[in-house]
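J.: Can you keep this structure in mind? I'll have questions shortly.
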């Protein structure tokens, strides 16, 4: 029963309804296949003058012909030079520069010696001119004016400051002098006393207690001697 055709609308014969629905579906499918698009989505037509570029081929042909002609002329010139002595005087009239290294000689040709000498002379002249300009140049900043401004600024700071400005510096200098003169043990002891450590306080108390006990013992002994 579940495999039988189930129509959307109520019908008396399911078999006939299936046949009619199938016929309507096939007719609709044929119409969809035969329908023409409103927008033309087909590829554009190809033109021959766009694919075959005759002007480019002609220019390439001209370029190759020029290269071939130049190569032919060059080959003729080279063959003429090989067959004869040629029209160029290729003799070297420069005098070789002789340099001795230990017991043998090395001959080195200096073809651009004059050019290098001229270049070196030009560079030395430019350097001398730059040095002369630097030495003759007057300074734009005045050190004396800077010192005057600094002294004036120090006066302003001294007048504004609540405490003397050089007090901290003088204390540091004294401390440095003291550290240089005193040995290491005294330095440590003075540091502990300045810091006010608990150990130093306990030592002070112990010393005071021992002093008081000694004084009491002395007083008692004196009293006993007086009674005797």
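Throughout, read-outs are computed from the coordinates displayed, never taken from laboratory work. Values in this document were obtained by computation on a predicted structure and should not be read as measured data. All Cβ positions, even for glycine, are placed from backbone atoms using ideal geometry, and neighbour counts span all protein chains on display.
J.: Pulled fully out, how much extra length does the chain show between residue 83 and residue 6, if you take 0.36 nm times their separation in residues and subtract their Cα-Cα distance? Please list the in-between numbers first.
T.: On the way: separation 77, 0.36 × 77 = 27.72 nm, distance 10.48 nm.
Result for the pair: 17.2 nm of gain on full extension.
J.: Between residue 208 and residue 41, 0.36 nm times their residue separation minus their Cα-Cα distance comes to what?
T.: Contour length minus Cα-Cα distance gives 48.6 nm.
J.: Compute the FRET efficiency between residue 148 and residue 125 as 1/(1 + (r/R0)^6), taking r as their Cβ-Cβ distance and R0 = 35 Å, and round to the nearest 0.05.
T.: 0.25
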